[in-house]
Protein chains: 2
Amino acid sequence: MTAPNTRRRTRASGGRRSAQGAAQAAALPYATRRIPYFEVLDEAGLALIEENADTILEEVGIDFRDDEEALQIWRDAGADVQGERVRMPRGLCRQLIQASAPRQFTQQARNPERNVEIGGPHTVYVPAYGCPFVYDIDQGRRYGTLEDFQNFVKLAYQSPSLHHSGGTICEPVDLPVNKRHFDMIYSHMKYSDKCFMGSVTHPDRAHDTVEMAKILFGDRWIDPDTGKPRTCVISLINANSPMTFDDTMLGAAKVYARANQACIITPFILAGAMSPVTVAGTAAQTLAEAMAGMAFVQLVNPGAPVVMGSFASSMSMQSGAPTFGTPEPALVLYAMANLSRRLGVPFRSGGSFTASKLPDAQAASESANTLLPTTLGGVNFALHAAGWLEGGLAMGYEKFVMDTDQTGMMQTLLKGVDLSENGQAMDAIREVGPGKHFLGCAHTQANFKDAFYLSPITDNNSFEQWDADGRLDMAQRANARWKKLLSEYEAPPLDPAIDEALLAYMAERKAAFPDSNV
Amino acid sequence: MTAPNTRRRTRASGGRRSAQGAAQAAALPYATRRIPYFEVLDEAGLALIEENADTILEEVGIDFRDDEEALQIWRDAGADVQGERVRMPRGLCRQLIQASAPRQFTQQARNPERNVEIGGPHTVYVPAYGCPFVYDIDQGRRYGTLEDFQNFVKLAYQSPSLHHSGGTICEPVDLPVNKRHFDMIYSHMKYSDKCFMGSVTHPDRAHDTVEMAKILFGDRWIDPDTGKPRTCVISLINANSPMTFDDTMLGAAKVYARANQACIITPFILAGAMSPVTVAGTAAQTLAEAMAGMAFVQLVNPGAPVVMGSFASSMSMQSGAPTFGTPEPALVLYAMANLSRRLGVPFRSGGSFTASKLPDAQAASESANTLLPTTLGGVNFALHAAGWLEGGLAMGYEKFVMDTDQTGMMQTLLKGVDLSENGQAMDAIREVGPGKHFLGCAHTQANFKDAFYLSPITDNNSFEQWDADGRLDMAQRANARWKKLLSEYEAPPLDPAIDEALLAYMAERKAAFPDSNV
């Protein structure tokens, strides 16, 4: 499933590792880990959760709502279907997934240099998704517009540490609900050449996404070796936890699966409300729901790419509000990452979560406490890695550039320790010796430029210099940075014939039915 | 080396784990990990760095400055001493350490319920150390005073997620340099009953620390089973990297070692200035320096407790300023933690570092990017875990309570996943079923209170509620919290006879020599 040219690129980057630094690595189309996974469960613990997931599927079952075709598919596969409740024999879902789902796949980008590998040792950092509001420190919080949406597409395009343009970065609330998907998809296609995500709010909108991708990718849409479509779109199919899939999501999943496009099956869980209040209970339920969804996709089209998703937040015992950056969701993430590797499918979870309303210390610590587990645990598709504020209700401009600084650091961390002769630096230690300093030695001069991750927005100056610079905090520096980036933005060139075809498709489709806000 | 009563306490806490939550665990005198270590090097990588450390000790050597006794000790041990340069045969330092240094030891607290275990699977979180300035958002940055010092002793005493009172939390600049150690030690003894750290700025001040500890601990000072002093003081002995120890630190180390008090031997390294600009080079040099210091302590008094320290920051290539929360120092930490376990000594590193001048998003993300590695890597003595701002130049009031929130989360994380029947929660999943919610089910009601870490300072409310509450950011909420804590502070009772004896010792010693600021 890995394209040969991608394999070559990965090897080449490994060879360059000791000679070049963070800046070069950050420009790679995706991150590849050279450090181990952090795991919190042993073999017995993992097996116990797998056993419990099978028990949930067998005894409790999963509801597939308002979709008779889905129920028939399950009947044909040997499941016990009572009304809309589907109970799967132990092991059936795992068997269906392992029989045909790819362990790793390539998502095509408009610019093939930006194709991403999803799965295996690779991590793709992706902007936040689904926020109705936007926030910046100048104007505060307000509903998102198409202009905001396009701004974030541009900022993601300009961020070397993000590998993907994302999907519904923020809702363009100035457009009718039933037509805004056209403008979102077109914006990803026009203002970025990175990979993007498809519409899932109606099967017809999934179909529109696929049609527009066919126009964009042209000859590249079909892989001549297999005769099947290449995977050019990835989409987010959420379960209605607990243990329910609805017809909207099932309908979109079927459209994408039949076109060989990728589906991320994600139980979306506020633990304590949509799952038990415990880590092990939430993990077993998440595994059960995700396996049911992924197995369904394999039944619809064996071999269609799927990603196992997990979204789990904790909850305030005082208010019932979701809480982020707490230890319990990190434990769920570590467990689910491990379970996905055992199942043999790519994994999506984590990001840069916070409940904070502004880009303050709460936002930063909660995000770090999510993004480090995302990275150390082995997430392959790190949705929500940049911009997320207010429990996902707002997309923050300052938060976005703060988060992309962090995703840059994560990619340096993933490179691990350089143990080459240059990395060992024994000649430098011999040259300098006790009581001297290393600043001027040959090894330091040769390596200094790329030796350490350098943030574009932190202030490491003296108090006096910081004072003279106006005593700015992180959010103020981030504010200056996103404005500078947008002022420097240049669109990647798009073939005018393709652009025209996309616009024509949109115009025709938009004219075919009236505006609506459902 | 582990006191039997401590062993019992550890077991008891394990038994309670599934029934009680984060609040109870945080009240334990120290944290005990039930999750694996995160490690970035394999056996070959670790052996390579050990090999390089031995090469540094053998070929390059370590300077022991202005201390003829130290040089004679090394000559007697078989080292090659040329002037002040000491070269150790390969393996000598490791052999000396492994022959007598304890793998784990108990530091006594005034309140024996607060004794801490240093080493093994245990982590002790300790306030920041050595800051000349203090900072709060009302008054900004200013020199520290004794009142500030005492405030932080009180706040640490009131913080269940800190296990230690620390040492020179901030410099009480209103007192003469040569006498302020009396007031600092006395403040730890008087305003807290947790463990504390000794003075290291002159051998006489180390001696004063030991004498005051003898008064405080009285009959408990000598262990009747061994006839030797119990370890009641731990102190920070920094190497003057690269590869140098000076007479001040050596003198203090000798005083503490001969009294069986614990020494943390820490190479203090700004990588690129005091070590090579690479992770592997910095790790090898740190290991060499720390082993030389710990072996020296074992030569002075075999069996005296030692802790291997590592402090490594990265550097801005633009300004030469130290940078914090970057990936490279995290890699050094993970490597050194692993090397300390192989050597068989407790490990000190990490904390909550930042270069930020105020408790903003930079401070929070840099701290999280240090504290999570501190926790996941397996640091035993986590100095600088609370309060640190501005590269260690300032102790922040708001930062302190923000950091203790984070150390509380880390202790929940260290407990790992509860796999008991209650933790698995299968009955809850069976009871609730597809499409329902878990809020009211029996399992949720029974577990909700302790299910998730609850921060005292984050805001998880709706935007509207947050707006109605005055739109406070994290720093403003932390400001209110430290003031509330100080207003509620009650001193732990201290035997008036001991208090009197401490004051008499200080008065007599202070009168014996004139004030001086060196």
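The table that follows gives values for the structure above.
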quantity: For B:D63, residues with placed amide H under 5 Å, excluding near neighbours; calculated: B:V86, B:T244, B:F245
quantity: Note, ³J(HN,Hα) from phi for segment A:511-517, Karplus 6.51, -1.76, 1.60, rounded to Hz, x at Gly and Pro; calculated: 6, 7, 8, x, 4, 7, 10
quantity: Total formal charge among the other residues, if their Cβ is under 13 angstrom from that of A:I215, Lys/Arg +1 and Asp/Glu -1; calculated: -2
quantity: Hits among lysines - C-alpha to C-alpha of B:K357 under 28 Å, sequence gap 8 or more where chains match; calculated: A:K357, A:K399, A:K449, A:K483, A:K484, B:K154, B:K399, B:K483, B:K484
quantity: Relative contact order %, segment B:243-380, counting alpha carbon pairs below 8 Å whose residues are six or more apart; calculated: 22
quantity: Chain-alone versus full-assembly comparison, segment B:434-469, residues with accessible loss of at least 50 Å² (1.4 Å probe); calculated: B:P434, B:F438, B:F448, B:F452, B:L454, B:N460, B:F463, B:W466
quantity: Phi-based couplings in Hz for segment B:250-267 (Karplus 6.51, -1.76, 1.60; Gly and Pro marked x); calculated: 5, x, 5, 4, 5, 4, 5, 4, 5, 8, 6, 8, 7, 10, 9, 9, 10, x
quantity: For B:L162, residues with placed amide H under 5 Å, excluding near neighbours; calculated: none
quantity: Residues along segment B:305-347 losing 50 Å² or more of accessible surface when the other protein chains are present rather than the chain by itself (probe 1.4 Å); calculated: B:M315, B:M317, B:P327, B:E328, B:L331
quantity: DSSP beta bridges in segment B:97-414 [antiparallel fraction, %, rounded to 5]; calculated: 30
quantity: Estimated buried accessible area (total), pair B and A, 1.4 Å, Å² to nearest 100; calculated: 9200
quantity: Spatially proximal lysines relative to B:K254 (Cα-Cα < 18 Å; intrachain offsets below 8 disregarded); calculated: B:K214, B:K228
quantity: Relative contact order, percent, segment A:97-414 [alpha-carbon distance under 8 Å, six or more residues apart]; calculated: 21
quantity: Karplus-derived HN-Hα couplings along segment B:232-240 (A = 6.51, B = -1.76, C = 1.60, θ = phi - 60°), whole Hz, x at Gly and Pro; calculated: 10, 10, 10, 9, 9, 9, 8, 6, 8
quantity: Across the identical copies, how the A:P132 labels are spaced - nm, sorted shortest first, 7 Å along Cα→Cβ; calculated: 5.3
quantity: Shape category assigned to segment A:326-485 from the gyration tensor of Cα positions, a/c cut at 1.5; calculated: oblate
quantity: Between 0 and 90°, nearest 10: helix B:361-377 axis offset from chain B longest Cα axis; calculated: 70
quantity: Per residue accessible area in Å² of segment B:339-421, where ligands, DNA and RNA are left out and the probe is 1.4 Å; calculated: 12
quantity: C-alpha long axis of helix B:474-488 to longest principal axis of chain B, angle in °; calculated: 80
quantity: Chain-alone versus full-assembly comparison, segment A:280-301, residues with accessible loss of at least 40 Å² (1.4 Å probe); calculated: A:A280
quantity: Portion, in percent, of the accessible area of chain A that falls on carbon or sulfur, probe 1.4 Å; calculated: 51
quantity: Long-range HN-HN contacts of B:S313 with modeled amide H, under 5 Å; calculated: B:I269, B:L270, B:A271
quantity: Neighbourhood charge, 12 Å Cβ-Cβ cut-off, centred on B:P89 and excluding it, Lys, Arg +1 and Asp, Glu -1; calculated: -1
quantity: Reachable aspartates and glutamates, given that their alpha-carbon falls under 18 Å from the alpha-carbon of A:K179 and they are not under 8 places away in the same chain; calculated: A:E147, A:D148, A:E171, A:D204, A:D208, A:E211, A:E508, A:D515
quantity: Charge context of A:S367, other residues only, Cβ under 10 angstrom, K/R +1, D/E -1; calculated: -1
quantity: Equivalent-ellipsoid semi-axes of segment A:421-518, from the Cα gyration tensor, Å, largest first; calculated: 53, 24, 12
quantity: Shortest-first distances to equivalent copies, position B:I222, nm, label 7 Å out along Cβ; calculated: 9.4
quantity: Other copies of B:A99: label-to-label distances in nm, shortest first, labels 7 Å along the beta-carbon direction; calculated: 6.8
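The values are calculated or read from the model by the stated rules, or taken from the named source; none is laboratory data. None of these values were measured; they are calculated from a predicted model. So basically every Cβ, Gly included, is an ideal-geometry build from the backbone, and we count neighbours across all protein chains shown. These area figures cover heavy atoms from the full protein model, side chains too; ligands, DNA and RNA do not enter into them. Shrake-Rupley method; radii C 1.70, N 1.55, O 1.52, S 1.80 Å.
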